[in-house]
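One structure below.
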Amino acid sequence: QVQLQESGPGLVKPSQTLSLTCTVSGGSISSGDYYWTWIRQPPGKGLEWIGYIYYSGSTYYNPSLKSRVTISLDTSKSQFSLKLSSVTAADTAVYYCASFNWNYNWFDPWGQGTLVTVSS
Amino acid sequence: QSALTQPPSASGSPGQSVTISCTGTSSDVGGYNYVSWYQQHPGKAPKLMIYEVSKRPSGVPDRFSGSKSGNTASLTVSGLQAEDEADYYCSSYAGSNHYVFGTGTKVTVL
């Protein structure tokens, strides 16, 4: 069973770059069945799809965040990463990594999520 | 892409049924049979409940069912139980390898 775990700083200053990593275990990050996904949830609000990356390196981003987002893959470490630049308080959220299985068009499983607060 | 519209809240007594709507456009919900539903308990990660409009993953009770008509998808929880009290989110493919989530619905078991 694939399992995912987010890691990274819990506090980021405004205008800086938010960086998170998701470690994949129990399955191959190079599997063609999955798109490796980032999703976020501001406190008390709904879910927002940020984007995902395929094992080939192809990336797809939410148009509203595209200018600030980079998702990358490190197959040697079985990890994928999120970078979000020029952050503001509006980027404060719980960030989840998840696997998207295109065979079933579902997001499953998800990591436990990590809260990132943007504050000086 | 705009978030899909869900009612903020829904409720029912134990044993009753509750239906949650998820309204989008012909560019997302109405254009593809790729709607999924997720249950989220407080402080927890979302859990997949329904995929491809009406299919249930292994382990999800058959009390949960999904459907779609036009630009609106629906999730019905029959035989409500206390553990069904949670937030529910829909998600839909929106074309060009993009996805969008719903605004979320809080289900209360009275």
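Inspect the stretch A:66-88 for any residue being outside any strand (DSSP E or B), at pLDDT 95 or above and within 11 Å of chain B (Cβ to nearest Cβ) and give the result as yes or no. The answer is yes, given that some residue of the stretch A:66-88 is outside any strand (DSSP E or B), at pLDDT 95 or above and within 11 Å of chain B (Cβ to nearest Cβ).
Here B:GLY95 meets the list (1) open to solvent by 70 Å² or more (accessible area, probe 1.4 Å); (2) at pLDDT below 95 almost entirely, failing just condition (1). All conditions in (1) of a type outside the set (Lys, Arg); (2) within 29 Å of B:LYS106 (Cα to Cα); (3) free of Cβ contacts under 8 Å to residues at least 12 places away in the same chain hold for A:VAL94, with the sole exception of (3).
Scanning the stretch B:8-58 for residues that are open to solvent by 70 Å² or more (accessible area, probe 1.4 Å) and closer than 20 Å to A:GLN112 by Cβ returns B:PRO42, B:GLY43, B:LYS44, B:LYS47. Residues in the stretch B:2-47 that are of a type in the set (Ser, Thr, Tyr) and more than 13 Å from chain A (Cβ to nearest Cβ): B:SER9, B:SER11, B:SER13, B:SER17, B:THR19, B:SER21, B:THR23, B:THR25, B:SER26. Any idea which residue in the stretch B:98-110 is nearest to the other protein chains (Cβ to nearest Cβ), counting only those that are open to solvent by 30 Å² or more (accessible area, probe 1.4 Å) and farther than 20 Å from A:ALA98 by Cβ? Restricting to residues being open to solvent by 30 Å² or more (accessible area, probe 1.4 Å) and farther than 20 Å from A:ALA98 by Cβ, the top hit is B:LYS106. For A:SER19, indicate whether it is more than 10 Å from every other protein chain (Cβ to nearest Cβ), open to solvent by 40 Å² or more (accessible area, probe 1.4 Å) and within 12 Å of the chain's Cα centre (by Cα). For A:SER19, the condition - more than 10 Å from every other protein chain (Cβ to nearest Cβ), open to solvent by 40 Å² or more (accessible area, probe 1.4 Å) and within 12 Å of the chain's Cα centre (by Cα) - is met. Counting the residues of the stretch A:49-85 that are surrounded by fewer than 18 Cβ atoms within 10 Å (Cβ to Cβ) and in contact with a Lys or Arg (Cβ under 6 Å, 6 or more places away or on another chain) gives 2.
So that you can scan it fast, the table gives a plain yes or no per residue for (1) hydrophobic (A, V, I, L, M, F, W, C); (2) more than 27 Å from B:GLY102 (Cβ to Cβ):
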| residue | (1), (2) |
| --- | --- |
| A:LYS13 | no, yes |
| A:ILE29 | yes, yes |
| A:ASP33 | no, no |
| A:ASN62 | no, no |
| A:THR75 | no, yes |
| A:CYS97 | yes, no |
| A:PRO109 | no, no |
| A:THR117 | no, no |
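The values are calculated or read from the model by the stated rules, or taken from the named source; none is laboratory data. These numbers come from a predicted model, not from an experiment. Every residue, glycine as well, gets a Cβ built from its backbone with ideal geometry; the counts of neighbours run over all protein chains shown. For accessibility, only protein heavy atoms count, side chains too; no ligands or nucleic acids. Shrake-Rupley method; radii C 1.70, N 1.55, O 1.52, S 1.80 Å.
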